[in-house]
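The values are calculated or read from the model by the stated rules, or taken from the named source; none is laboratory data. Here the structure is a predicted model, which is why all the values come from computation and not from measurement. Glycine gets a Cβ as well: all are built from the backbone with ideal geometry, and neighbour counts include every protein chain shown. We work out accessible area using only protein heavy atoms, side chains counted, and drop any ligands, DNA or RNA first. Shrake-Rupley method; radii C 1.70, N 1.55, O 1.52, S 1.80 Å.
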Amino acid sequence: MKSTFILLRHLLLFLAFASLSSNALALEQRVTGIERQGQTLRLSTDKGSVRVRFYNAEAVEVFYQPNGVAQMDSFAIAVAAQPGKYRLQERHTGWRFGSDALWVDIEREPLSLRFMKNGKSLLAENGGLQLAQGQRGFRFALQPQEKLMGTGQRVLGMDRRGFKLPLYNKASYGYTTHAEQMYYSVPAVVSSNKYLLLFDNTASGSIDLGKTDKDLLEFSAVEGRTAYLFVAGNSTPDILRNYTAVTGRQPLPPRWAFGNFASRFGYRTQAEVLDTVAKFKQTGFPVDAVILDLYWFGPDIKGHMGNLAWDNNAFPDPEGMIADLKKDGVNTILVTEPFILTSSKRWQEAVDAGAITPGPDGKPKTFDFYFGNTGLVDVFDPKAQAWFWNIYRGLKKQGVAGWWGDLGEPEVHPDDAMHAIGSGAAVHNAYGHQWAKMVYENALKDTPDERPFIMMRSGFAGSQRYGMLPWTGDVSREWDGLKPQVELALQMGLLGLAYTHSDLGGFAGGETFDAEMYIRWLQYGVFQPVYRPHAQDHIASEPVFHDASTQDILRPFVNLRYRLLPYNYSLAYQNSLSGMPLMRPLFFSDESNPALIDNAQSYFWGDAFLVTPVTAPGVTSVNVELPKGVWFDYWTDTRHNGGQRIDAPVSLKTLPVYVKAGSFIPMAADMANTSVYDSSHLQLHYYADATVQTATGEMYDDDGKDPQAIATKKFERLTFSAEQKRQALDITLKRSGDFTGRPLTRHIELVVHNWPKSAVVRIGSKTLVNTHYDAANKRLSIPLDWKAESLTLHIR
């Protein structure tokens, strides 16, 4: 959010740390004994011990525990190790442990590990654990031509090999097309050689991806856990499935999270909030939530942070306001920060509760930053958590539906802050993660029938399991701010953080309203996980306050976002089951072509859509790389063969969106917001092509709010399949499962695209008579009522 206060000593610390990195020494060890317990192998050495533990057949943790080196618990790992059929084999120079899915080769002296799959070496340690004064970490040997993705939020290009980067969550106000340090770093890489490597350490550190030595990958940190997680798979989606099986998967958000948000920095009064929501209704824009930035607890930017109570001068009846909004289907989200200013109304209360992180002297640690003199809530301390959550609980009772956690890097975090479990330097990158955990677990405990909504801009590996919806921070409000957003979302999605999204329209700066840039950013937002325009309020972030031409262009796009709700919600279901991101990189379509890794201009939205945002002004065409297959222009149904680049024509009313042949896309009718969502009336689009003989699709449906819907099987799954031979097409619809409110009958309009001529359509022996063929667009529309568990349409 707001401008960043940069501490000089943090820069000095990083420079000093960078100079130490080249002096790290391998802790050469000799294995003196081994002990096997199921999926765990313990190695005793002359300098400590090492634990090799399989969490699943293709995910293994390596935990070095040298004598005299303090350790921390893992923040990344969420589950107990799963039993499996693992074998231990003695070799001439050591041992081999694992299974045919993944082997760990262990050299006895000096101790070193190598990871093998299908007879191929994926990765090998180079010197094992590295220790030097003030740092600890690991080195690994890289292979020629290997590409490295990951490391969290950076703007560098998809392949990050050749960079040395800080591992320290830090605000990056007004970033554009290059940023090496941002709000959410993740100490992990995803390799084109089919593995993921996570350095399970939350401390201030760095990652060297072949910059110092082109053949070496090195993780280093000033304190913390000396462990890493290695994950393999036959494909990158397989790797992501195996990784999120260990670090946790994203729970389903509430259905309303997929709607449109009214948000700005910020709404200053109750009247302004109500007037803004009314404006959405008046101008025909659907809206599901309104976000209140820091003015809800004070009239000014500075001096009030930590009040965490309504400013009743500006919001005289917050409960009435929240209730009125809810009647219209609009949810209220409040910003909260973990900083309690010494000038705030809660300072002494927080001190008395033991909620403020102490310094080395044991007294509450205070320091200056942009918003005032402050302390920091110790979210690692149960006493502080209880005090902090009690505030949330009171606001929840007033009707607040969701939480926006801001400045959670933390934006300023003294290294000598003494948290309950370690210093500020040791736990820095876990702060947002722990904060999200506190909110998520307490929210579920207090309201077990309601899915938490938690938006935060910083966390750690595995934060997705606490329902975190990250955003990409205070991006500059200009074309160069829009350009990196696909890269940022794709990189985070590769590490399980699939709901990473941007402040649509850009947040920071901007002297005058650039309508074209604003339109292009909000068009892109239709195909990103959260639709949330947000900005400094000298230029309105909401489309409803702009000119009629801008509104008329954007209204159909916002409505499209809502019509796609059945499709988008099904992507969320798939993500919760497998970790598969909603936004997917092009190389997922052909991992034998490493050149596709570098494409950060286009992406898949689910399996069906290929999207290429327009990121420059005045363009009339965009060069788009079409992956293999057949693709249809979403706007015109024009057919294109894949495996080539095309110049896609665009106007200000369109952006390049293509649908893959063989795709099923379920869509709903227009709606005012998701509170009136009705899945009993659907359009089901199928994109037929003679090159696709069989195809499948699915739709997930539930009550939109039950946190246990998947676990308790309180949902319905609709599956669609197609078989085509020349001009004969059979489409089968099946439904299974149940939940309260499930439609008994669904009224479907099946739209078959790219159908050559009118057709006879039968269900069993019955011929349907109300079909319609649009010869100009080659679309066949078939209305039907679907009540049975299964039905098949024969189109001839």
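Summary table
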| item | result |
| --- | --- |
| Longest to shortest principal axis, alpha-carbon extents of segment 270-427, angstrom | 57, 26, 24 |
| Rg/Rg_globular for segment 431-577, with Rg_globular taken as 2.2 N^0.38 Å and Rg from C-alpha atoms | 1.11 |
| Rounded percent of accessible protein surface that carbon and sulfur make up, the chain, 1.4 Å probe | 49 |
| Antiparallel %, DSSP beta bridges [both residues in the chain], to 5 | 85 |
| Too-long pairs where the Cα-Cα distance tops 19 Å, listed order kept, from LYS281/LYS326; LYS660/LYS734; LYS705/LYS787; LYS734/LYS757; LYS170/LYS396; LYS327/LYS397 | LYS660/LYS734; LYS705/LYS787; LYS734/LYS757; LYS170/LYS396 |
| Sum of side-chain charges, THR615 neighbourhood, beta-carbon under 9 Å (Lys, Arg +1; Asp, Glu -1) | +1 |
| Ordering of 694-702, 641-649 by burial proxy (mean other Cβ atoms within 10 Å per residue, highest first) | 694-702, 641-649 |
| Eligible lysines near LYS164 by straight Cα distance, threshold 25 Å, same-chain separation 8 or greater | LYS147, LYS194, LYS211, LYS214, LYS483 |
| Cα-based Rg / Dmax (Å) for the chain | 26.9, 85 |
| Surface/4 of the Cα convex hull for segment 610-757, nm² | 11.3 |
| Kirkwood-type radius of segment 508-630, with distances r between different C-alpha atoms, in Å | 16.3 |
| Ordering of 273-286, 172-185 by burial proxy (mean other Cβ atoms within 10 Å per residue, highest first) | 172-185, 273-286 |
| Whole-Å distance, taken between Cα centres, linking segment 582-641 and segment 391-434 | 38 |
| 5 angstrom amide H check on ASN126, placed H, neighbours 5+ away | ARG139, PHE140, ALA141 |
| Cα-based shape type of segment 171-249, given that a ≥ b ≥ c are square roots of the gyration tensor eigenvalues and the cut on a/c is 1.5 | rounded |
| Average Cα contact separation per residue, segment 556-603, under 8 Å, 6 or more apart, as relative contact order % | 24 |
| Dimensionless Rg/Rh of segment 329-405 - Kirkwood Rh, Rg from C-alpha atoms | 1.02 |
| Accessible area expressed per residue, the chain, with surrounding protein chains retained (probe 1.4 Å, Å²) | 35 |
| Accessible-area ranking of LYS214, LYS345, largest first, probe 1.4 Å | LYS345, LYS214 |
| Cα gyration tensor shape for segment 232-345, rounded if a/c is under 1.5, else prolate or oblate | oblate |
| For peptides 321-331, 409-419, 488-498, sequence by mean Cβ density within 10 Å, most packed first | 488-498, 409-419, 321-331 |
| Local electrostatic count, GLN29, Cβ distance below 12 Å [Lys/Arg +1, Asp/Glu -1] | -2 |
